[in-house]
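**Q** Let me begin by handing over the structure; questions about it come next.
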Amino acid sequence: MAKATTVIEKRVPTQAEQEAEAMQEVMSAVAKNKDALLTFLDVLGELQESGALDMAHGALKSRHQIGVIGIGQLNKSGAQNIIKNGMSTVQFLAQLDPNKLQTMLGAVASGVDSAVTAEEQRPQKKPGLYDLFKRMRDPQVTSALGMMLNFLRGMGAAKGRDGDGN
């Protein structure tokens with residue numbers, strides 16, 4: 001009768017065998033991703049030529065000092081307000097319909113242009129009360145006033161909803 005196996009010898013690869021297997025895996029991955037690696041190396045070369053890699057390398061080496069300076073700037077008076085105002089501005093802009101905003105800003109630009117042109121042509125003459133009433137009959141003026149009144153109505157309605165009726 002045969003002897004029972006009591007010890008199983010596990011084959012442990014040598015360091016050289018492990019390195020050879022790792023190199024084979026790397027070479028296989030390089031072969032599979034050749035195009036992506038060539039593109040990446042091209043981009044990396046462009047970054048090196050432009051100096052961006054040197055800047056990034058310097059920033060990484062100086063990250064502690066940069067962090068200390070950044071925190072110091074954030075602790076200055078008003079920095080928190082700037083951040084809050086920036087966030088509020090972004091939220092405000094996210095609520096606006098881009099087409100409506102473009103229409104309104106186009107009208108504002110046209111109004112500024114018209115005001116500057118009129119001032120350049122007749123800088124001395126100030127409009128009197130009669131001139132103001134006469135201009136109220138101009139359809140463009142009444143259209144702009146209507147838009148401004150609708151703006152003020154909407155602003156007042158929103159202010160009333162917020163419970164700030166003053």
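The values are calculated or read from the model by the stated rules, or taken from the named source; none is laboratory data. Just so you know, these numbers come straight off a predicted model, no measurement behind them. In this analysis, Cβ positions are derived from the backbone assuming ideal geometry, glycine residues included, and neighbour counts consider all displayed protein chains. Only protein heavy atoms, including side chains, enter the accessible area calculation; ligands, DNA and RNA are left aside. Shrake-Rupley method; radii C 1.70, N 1.55, O 1.52, S 1.80 Å.
**Q** Helix 34-50: angle to the longest alpha-carbon principal axis of the chain, degrees 0 to 90, nearest 10?
**A** It is inclined by approximately 60 degrees.
**Q** What number of lysine-lysine pairs in the chain show an alpha-carbon separation below 24 angstrom, given a sequence spacing of 8 or more or placement on distinct chains?
**A** Summing the qualifying lysine pairs gives 5.
**Q** Percent of accessible area on the chain owned by carbon and sulfur, 1.4 Å probe?
**A** The nonpolar share, carbon plus sulfur, comes to 62 percent.
**Q** So, one more: Would you kindly find the accessible area of residue 7, with a 1.4 Å probe and non-protein molecules such as ligands, DNA and RNA excluded, rounding to the nearest 10 Å²?
**A** Its accessible surface works out to 110 Å², give or take rounding.
**Q** Same structure again: Need one number: nm distance between label points at residue 159 and residue 114, each 7 Å from Cα along Cα→Cβ, rounded to one decimal.
**A** Going by the 7 Å Cα→Cβ label model, 2.6 nm.
**Q** Could you calculate the FRET efficiency of residue 141 with residue 75 from 1/(1 + (r/R0)^6), where r is the beta carbon distance between them and R0 is 35 Å, rounded to 0.05? Intermediate values should be presented prior to the final figure.
**A** Numbers: r = 51 Å, r/R0 = 1.45.
Computed FRET efficiency for residue 141 and residue 75 comes out at 0.10.
**Q** Taking the chain as a Gaussian network, Cα atoms linked when under 10 Å apart, which of 43, 116, 26 shows the biggest mean-square fluctuation?
**A** With Cα springs under 10 Å in the chain, the top fluctuation among 43, 116, 26 is at 26.
**Q** Tell me, what is the per residue accessible area of the chain in Å², probe radius 1.4 Å?
**A** Numbers: 15260 Å² over 166 residues.
Heavy-atom SASA per residue in the chain reads 92 Å².
**Q** Moving on. Could you put 60, 74 in order of accessible surface area, largest first, with the 1.4 Å probe and the full protein assembly present? If you can, show how the numbers build up before the last one.
**A** Working: 60 110, 74 80 Å².
Result, largest first: 60, 74.
**Q** Okay, next question. Suppose we flag trypsin sites (Lys or Arg not before Pro) only when DSSP calls them loop and at most 10 other Cβ atoms lie within 10 Å. Which is the longest uninterrupted stretch of the chain?
**A** Numbers: sites that count: 3, 10, 11, 76, 125, 137.
Counting at most 10 other Cβ atoms within 10 Å as exposed, the longest clean stretch of the chain is 12-75.
**Q** Here's something else I'd like to know. Determine the shape class of region 14-63: with a ≥ b ≥ c the square roots of the Cα gyration tensor eigenvalues, call it rounded for a/c under 1.5, and otherwise prolate if a/b is greater than b/c, oblate otherwise.
**A** Numbers: a/c = 4.89, a/b = 1.74, b/c = 2.81.
Here region 14-63 falls in the oblate category.
**Q** Then there is this: Multiplying the sequence separation of residue 68 and residue 47 by 0.36 nm and subtracting their Cα-Cα distance, what value in nm do you get? Spell out each step's value before the answer.
**A** Values: separation 21, 0.36 × 21 = 7.56 nm, distance 2.71 nm.
Between residue 68 and residue 47, full extension yields an extra 4.9 nm.
**Q** Subtracting the Cα-Cα distance from 0.36 nm times the residue separation, let me have the gained length for residue 33 to residue 97 in nm, one decimal.
**A** Numbers: separation 64, 0.36 × 64 = 23.04 nm, distance 4.39 nm.
Answer, rounded to one decimal: 18.7 nm.
**Q** Would you calculate, for the chain, the mean residue ellipticity at 222 nm contributed by helices, counting each DSSP H stretch of 4 or more residues as -39,500 (n - 2.57) and dividing by all residues, to the nearest 500? Mind showing how you got there, number by number?
**A** Values: 8 runs with 128 residues, N = 166.
Theoretical 222 nm ellipticity from helices: -25500 deg cm²/dmol.
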